[in-house]
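The values are calculated or read from the model by the stated rules, or taken from the named source; none is laboratory data. As the structure is a prediction and not an experimental result, all values here were calculated from the model. Positions of Cβ are backbone-derived with ideal geometry, glycine not excepted, and every protein chain shown enters the neighbour counts.
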Amino acid sequence: MAQLGLRQNLAQFSLLVAINAFVGAMVGLERSTLPLIGEQDFGLGSSAALLSFIVAFGLAKAFTNLGAGAFAQRLGRRRLLILGWALALPVPLLIAVAPNWGWVVAANVLLGVNQGLAWSMTVVMKIDLVGPKRRGLALGLNESAGYGGVALAAVVSGWLASEYAARDVLVAGGAVVALAALALCVLFVRDTGEHAALEQASAARPEDGPPPLRRAFAEATFRDPALRSCSQAGFTNNLNDALVWGAVPLLLAAHGASASEIGLVAGLYPGVWGAAQISTGHWSDRVGRKPLIAAGMLLQAAALALLAASDGAVAAAAVAAVGLGIGTALVYPTLIAAISDAVAPVARAPAVGIYRFWRDMGYVAGGLIAGLAADAIDYSGAIALIAALTAASGLWVICDMPGARALAERERAQLA
């Protein structure tokens, strides 16, 4: 019989935490290696062309998030999770045999689908298991594991790329991660639909079904101030993450940094982000979501401004990476918890999917803006531009997002 709670579902929760570390590792392998592969193996000179892999990844992940949220109730969380890992298997193979950059871009379309399905389902399944009281903590643990995986894979792949061919490192690592994660999902993961139904049965209006996608999309995009504030902040967060993923390795390499130094900076940012999310997610359960989201976006902006002024110095870039990691840790689990707070349990999967759609469209915008701005100005100018956009996003949250008291009053009005 299904029971809600972290302690009651500890084994399954822990397994999903481990699987999300594998999800993060698939992306982390590319953080240190793929921009360098584009320059060294394929001779790409244009930043916009080089960062096209991030645009493809972001588009695929965004639309997959939207579909995953809509179909999670109908098809089941576990099935979508397994499908996501099955689609990851061709990614290292395509990169291994790629005769041109287009094959690498196609591999990142599949990687985006993998991330959209696998990460979305681990998020939703953990929320299902723990119930409403420990939601922030659950999301902090989930995101911490995911970005811990990103960090570890980025550091290790950067170190190995200084000794071996970067493409070989990426291919071998990707194959091992995808096969191991798929095996764990098939053999040990159980679906959590019963847990979501149990929570919904105790909700204020248990007879309600999931809202139509069109209505849910409008609510999360522009109608509901809590949801739209989260959507725009998530969009901006991944916009600046795309910049760090694609442009920072090239900025550092242009100023003489080695592959291992690039790997250190590339891993430091998600490492701090991942480790700090455990406490920030739990903290948001106590003090509310809005203060952490606003402070995190403004701290990100300050860190990006420092990075823009660093002139490619590794030490300054490392300090900026730490600041960016702390800022993102304040924001990332808190945003999903805020989305979950604002909707009924039965509407959770679609709402999270729509939020993740907008958040990952930030990769598309970030890849395009960073690439075009770097070609038109330089990498420092592109970073400064995105720092300004990130600061504006933090001010948007301060002005538009309801506080905890306003959300509580709205919930009481709905129950009346």
The residue that is farthest from the chain's Cα centre (by Cα), considering only those in the range 257-274 that are surrounded by fewer than 22 Cβ atoms within 10 Å (Cβ to Cβ) and within 13 Å of G323 (Cα to Cα), is L268
Within the range 119-136, the count of residues that are more than 18 Å from V346 (Cβ to Cβ) and either assigned to a loop (DSSP other than H, G, I, E, B) or not aromatic (F, W, Y) (or both) comes to 4
The helices (runs of 4 or more DSSP H) lying entirely within the range 1-82 that contain at least 1 residues which are of a type in the set (K, R), touching a Lys or Arg at 6+ places or on another chain (Cβ under 9 Å) and modelled with pLDDT under 95 are 52-75
Per the filter on the range 314-336, residues among the aliphatic types (A, V, I, L, M) and buried (at least 24 other Cβ atoms within 10 Å of the Cβ) are A317, A320, A321, L324, A329, L330, V331, L335, I336
- Query: Being part of a helix (DSSP H, G or I), closer than 26 Å to V265 by Cβ and either without any contact (Cβ under 8 Å) to a residue 40 or more places away in the chain or not basic (K, R) (or both), is that true of even one residue in the range 84-93?
  - Reply: yes
Restricting the range 9-48 to residues that are surrounded by fewer than 17 Cβ atoms within 10 Å (Cβ to Cβ) and without any contact (Cβ under 8 Å) to a residue 60 or more places away in the chain, the one nearest to V97 (Cα to Cα) turns out to be G43
Among residues of the range 57-78 being touching a helix residue (DSSP H, G or I) at 6+ places or on another chain (Cβ under 9 Å) and among the charged types (D, E, K, R), the residue surrounded by the fewest Cβ atoms within 10 Å (Cβ to Cβ) is R78
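Where in the range 155-269 are there helices (runs of 4 or more DSSP H), lying fully within it, with 2 or more residues that are within 25 Å of G69 (Cα to Cα)?
Correct list: 166-188, 193-201, 213-218, 225-246.
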Residue hits (the range 133-191; over 15 Å from the mean Cα position of the chain (by Cα) and β-branched (V, I, T)) are V155, V156, V169, V171, V176, V177, V186, V189
Expected single match for within 27 Å of L4 (Cα to Cα), in contact (Cβ under 8 Å) with a residue 60 or more places away in the chain and either buried (at least 23 other Cβ atoms within 10 Å of the Cβ) or out of contact with any helix residue (DSSP H, G or I) (no Cβ under 6 Å at 6 or more places or on another chain) (or both) among A145, A154, A172, A161 is A145
For the range 335-384 the number of residues that are part of a helix (DSSP H, G or I) and under 20 Å from Q73 (Cβ atoms) is 17
Restricting attention to the range 385-409, the residues that are modelled with pLDDT under 90, of a type outside the set (A, V, I, L, M) and either part of a helix (DSSP H, G or I) or in contact with a Ser or Thr (Cβ under 7 Å, 6 or more places away or on another chain) (or both) number exactly 2
Over the range 346-362, the set of residues modelled with pLDDT of 90 or more, closer than 11 Å to L59 by Cβ and buried (at least 24 other Cβ atoms within 10 Å of the Cβ) is F357
Here the qualifying pairs (Cβ atoms under 6 Å; residues six or more apart or on different chains; first in the range 314-325 and assigned to a helix (DSSP H, G or I); second aromatic (F, W, Y)) come out as A321/Y269; L324/Y269; G325/Y269; G325/W273
